[in-house]
């Protein structure tokens, strides 16, 4: 079933530049593979939004494999920036534009937010993040904002080799790292640990990969 779904995704993506990330591309891909419309909708019940999500998650899986095989080196901020940059290199701008247009629809807003969060989780987990308190959420929230802004900048960047995008990512990641340093300094203050437990002690990251917020390892 998964192999058939992957083949259908690839076939549908061939039509996205002409049709958009929608049902027309899905059904055109199904026709190419001689897959009945009913079965195509079983694989992608959300239509274009499902295609966009599958394309996004396929790149996340490739990024996860890359981080496992050849983790970036250097300062932690450099490693995060390299991961975001690598993630952009795994997708086609035209397909991302089409997917963004579909995911920008109000009914797809929650899915769009979750997909960016999943990418942030892949990066933090791939770089060895072991936080198990409120930091688990704040790290992913701040990186999600960086990823979203970087994608928008990248889509409008016509500089050679998208050099301006790389510089933009570096600047934004430095901001994230400064935020993390401020949090670390705050935790060293007298009474800060106890205050944190009172305010956020009930917050824990999801330990089951199927719970909301935790990206799949598949």
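Values in this text are rule-based calculations from the coordinates and carry no lab data. This is a predicted model, so every value here is computed, not measured. Don't worry about glycine lacking a Cβ; one is built from the backbone with ideal geometry, like all the others, and counts go over all protein chains shown.
For the pair residue 164 and residue 34, a Förster radius of 35 Å applied to the C-beta separation gives a FRET efficiency near 0.20, rounded to the nearest 0.05. The Cα center of segment 17-32 and the Cα center of segment 58-115 differ in position by 23 Å.
Cβ crowding within 10 Å ranks 97, 172 as 97, 172, fewest other Cβ atoms first. When a/c reaches 1.5 or more, the comparison of a/b and b/c decides; with that in mind, is segment 103-165 rounded, prolate or oblate per its Cα gyration tensor? Since a/c reaches 1.5 but b/c is at least a/b, the shape of segment 103-165 is classed as oblate. Of 44, 76, the sequence from fewest to most neighbouring Cβ atoms within 10 angstrom is 76, 44.
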